[in-house]
Amino acid sequence: MKNEDTRVQYTKKALRDAMVGLLREKEIGKITVKELCQQAGINRGTFYLHYGQPNDVLMEIEQDFLRDNLQLFDPYLQQADTGALGRLLEGLFRHRELSTLLLGSHGSPRFQQRIKDTFRSNILSEWQEEFPDYDRADLAFVYEYAIAGSMRLIAWWLENDHGMTPEEFGRRLDDLGHYCHLAIREFGKR
């Protein structure tokens with residue numbers, strides 16, 4: 001039984017590594033089972049023992065990435081720690097290749113949506129406390145704008161750090177976040 005578990009682990013790792021390699025070249029929708037199996041050095045039958053389609057491999061990679069790195073998000077979500085954004089960015093930078101692939105144009109929009117959903121409730125609740133007279137729909141509008149822009153900036157930074165450390169980039173990103181408050185105030189004037 002243990003050998004079977006080892007073989008399954010080896011097969012899944014080979015497929016995951018192959019997926020990461022293929023994502024460097026093309027987006028998930030263009031990756032076929034055939035090329036994934038060729039890259040991993042396994043046959044299609046073995047693939048179908050574990051997955052139904054290439055997207056399932058990517059989904060498993062995303063779930064493991066979030067599970068392994070969720071502790072990086074927690075302090076940022078709690079907002080109790082002013083250095084949390086820097087540590088979150090350091091963690092993403094440590095896993096730079098995978099972070100870039102998951103957040104970049106070849107990654108899955110589903111993963112990016114999961115990141116947005118992870119932060120949405122906490123940030124909207126915080127803004128609702130800060131701006132109690134404002135419509136939650138307006139706050140959600142600003143949130144969508146801010147999070148999409150932030151995620152794209154993080155992907156841009158991960159692709160080539162542009163000479164910025166995680167701490168410096170975090171400060172710049174946080175500074176940009178303050179403009180969200182200005183946008184919320186503008187909505188309130190209408």
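Each reported figure results from applying straightforward, stated rules to the coordinates on display, with no laboratory input. Worth saying up front: this structure is predicted, and the values here are computed from it rather than measured. Because the Cβ atoms are built from the backbone with ideal geometry, glycine has one as well, and the counts that use them run over all protein chains shown.
Numerical summary
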{"quantity": "Linear extension gain, Asp5 paired with Tyr134, 0.36 nm per residue minus alpha-carbon span", "calculated": "41.0 nm"}
{"quantity": "Cβ-Cβ FRET estimate between Asn43 and Arg67, R0 fixed at 22 Å, reported to 0.05", "calculated": "0.15"}
{"quantity": "Size of electric dipole in the chain: Cβ of Lys, Arg +1 and of Asp, Glu -1, about Cα centre, debye, nearest 20", "calculated": "780"}
{"quantity": "Highest-first arrangement of 168-180, 88-100, where packing means the average Cβ count within 10 Å", "calculated": "88-100, 168-180"}
{"quantity": "Pairwise FRET efficiency - Met151 versus Glu60, Cβ, R0 = 35 Å, nearest 0.05", "calculated": "0.95"}
{"quantity": "Phi-based couplings in Hz for region 20-31 (Karplus 6.51, -1.76, 1.60; Gly and Pro marked x)", "calculated": "4, x, 6, 5, 5, 9, 8, 7, 4, x, 9, 8"}
{"quantity": "Mean residue ellipticity (222 nm) of the chain, computed from DSSP H runs ≥ 4 via -39,500 (n - 2.57), nearest 500", "calculated": "-26500 deg cm²/dmol"}
{"quantity": "Fully extended contour minus Cα-Cα distance, from Arg114 to Gln53, at 0.36 nm per residue", "calculated": "19.9 nm"}
{"quantity": "Virtual spin-label span in nm between Glu97 and Ser125, 7 Å along Cα→Cβ", "calculated": "3.8"}
{"quantity": "Euclidean distance between Cα centres, region 1-49 to region 171-185, Å", "calculated": "42"}
